[in-house]
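Remarks on the structure that follows.
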């Protein structure tokens, strides 16, 4: 009975976590309607989240502090730059040019990039099933893109490229940081990396943005920044961690496919975005390809 209850809660946490993460793109697109630029919006999101991550860093100590060296913190600073700062910057900038639904479909391919990067840097073998699944995935992305270019023009190519860079930098972060996370624990590692990322965002903001208008935006912009920090960053990260703990990574990966679907549904209601039948088919192909890659990768562990 207790086990069933734990699994049921895990399912609820998984669904909520995926949906809340997906809502981030919707909030970004809504904020852009008020004339805010990419760097300032990202600055709001990170600064609102910063106090929580500082509290987490003090509350949750590293798992194996005796094994941690000074250079490990430098590596965290590096991975915070690649995996959170660059990935977020590319993502936010790309959302100025493409639909939220398309953004989520492109970001969803990051497991295939992890497989390719692991092969490139660590010579990990790619099976025939994985290779086939990767081809299926990118065929689906091309199908979605081809249709979108005909509807909205060439700007979608630049936006799609930026979102792809976001997925690539996040995949680099996942591939490169795997050896470091066990030393700190996932919670502490994430908190430290996010703090480092916030510093990079702040430096970028004060060097490039107009600080004189920091407090002149409509109230809705600050509320959206706060909502992104809490409901699309902090809360879902803990929900996903708890879901994985209750269900296991393999079972949780099934719920990952809800990401593109939930984003498209939310974009339809909040942004009036439409999607064609070709894009729906392309999305389903991408989900199938990523699911195959993820399944094979987990079976190899």
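The values are calculated or read from the model by the stated rules, or taken from the named source; none is laboratory data. The structure displayed is predicted, hence computed values, not measured ones. When we count neighbours, we look across all protein chains shown, and the Cβ atoms used for this are built from the backbone with ideal geometry, even at glycine.
Tabulated results
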| read-out | value |
| --- | --- |
| Residues of the range 203-221 satisfying the condition of being part of a helix (DSSP H, G or I) and buried (at least 16 other Cβ atoms within 10 Å of the Cβ) | 204, 205, 221 |
| Flag if residue 41 is over 19 Å from residue 185 (Cβ atoms), touching a helix residue (DSSP H, G or I) at 6+ places or on another chain (Cβ under 7 Å) and at pLDDT 95 or above | yes |
| Residue within the range 263-284 that is crowded, with 16+ Cβ neighbours inside 10 Å, at pLDDT 80 or above and under 15 Å from the mean Cα position of the chain (by Cα) present | yes |
| Of all residues making up the range 156-173, the number that are buried (at least 19 other Cβ atoms within 10 Å of the Cβ), in contact (Cβ under 8 Å) with a residue 60 or more places away in the chain and within 15 Å of residue 85 (Cα to Cα) | 9 |
| Number of the exception - residue 28 against (1) surrounded by fewer than 18 Cβ atoms within 10 Å (Cβ to Cβ); (2) modelled with pLDDT of 95 or more | (1) |
| Single match in 49, 55 (criterion: farther than 29 Å from residue 280 by Cα and surrounded by fewer than 16 Cβ atoms within 10 Å (Cβ to Cβ)) | 55 |
| Residue under evaluation residue 184, criteria (1) free of Cβ contacts under 8 Å to residues at least 12 places away in the same chain; (2) closer than 22 Å to residue 73 by Cα, criterion not met | (1) |
| Residue check, residue 197 buried (at least 20 other Cβ atoms within 10 Å of the Cβ) and touching a helix residue (DSSP H, G or I) at 6+ places or on another chain (Cβ under 9 Å) | yes |
| Residue ID - nearest to residue 105 (Cα to Cα), chosen from residues in the range 123-141 that are in a helix (DSSP H, G or I) and without any contact (Cβ under 8 Å) to a residue 12 or more places away in the chain | 131 |
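For every residue, the table says whether it meets (1) touching a strand residue (DSSP E or B) at 6+ places or on another chain (Cβ under 6 Å); (2) over 28 Å from residue 166 (Cβ atoms); (3) touching a residue at least 24 places away in the same chain (Cβ under 8 Å).
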{"residue": "6", "(1), (2), (3)": "no, yes, yes"}
{"residue": "20", "(1), (2), (3)": "no, no, yes"}
{"residue": "37", "(1), (2), (3)": "no, no, yes"}
{"residue": "43", "(1), (2), (3)": "no, no, yes"}
{"residue": "58", "(1), (2), (3)": "no, yes, no"}
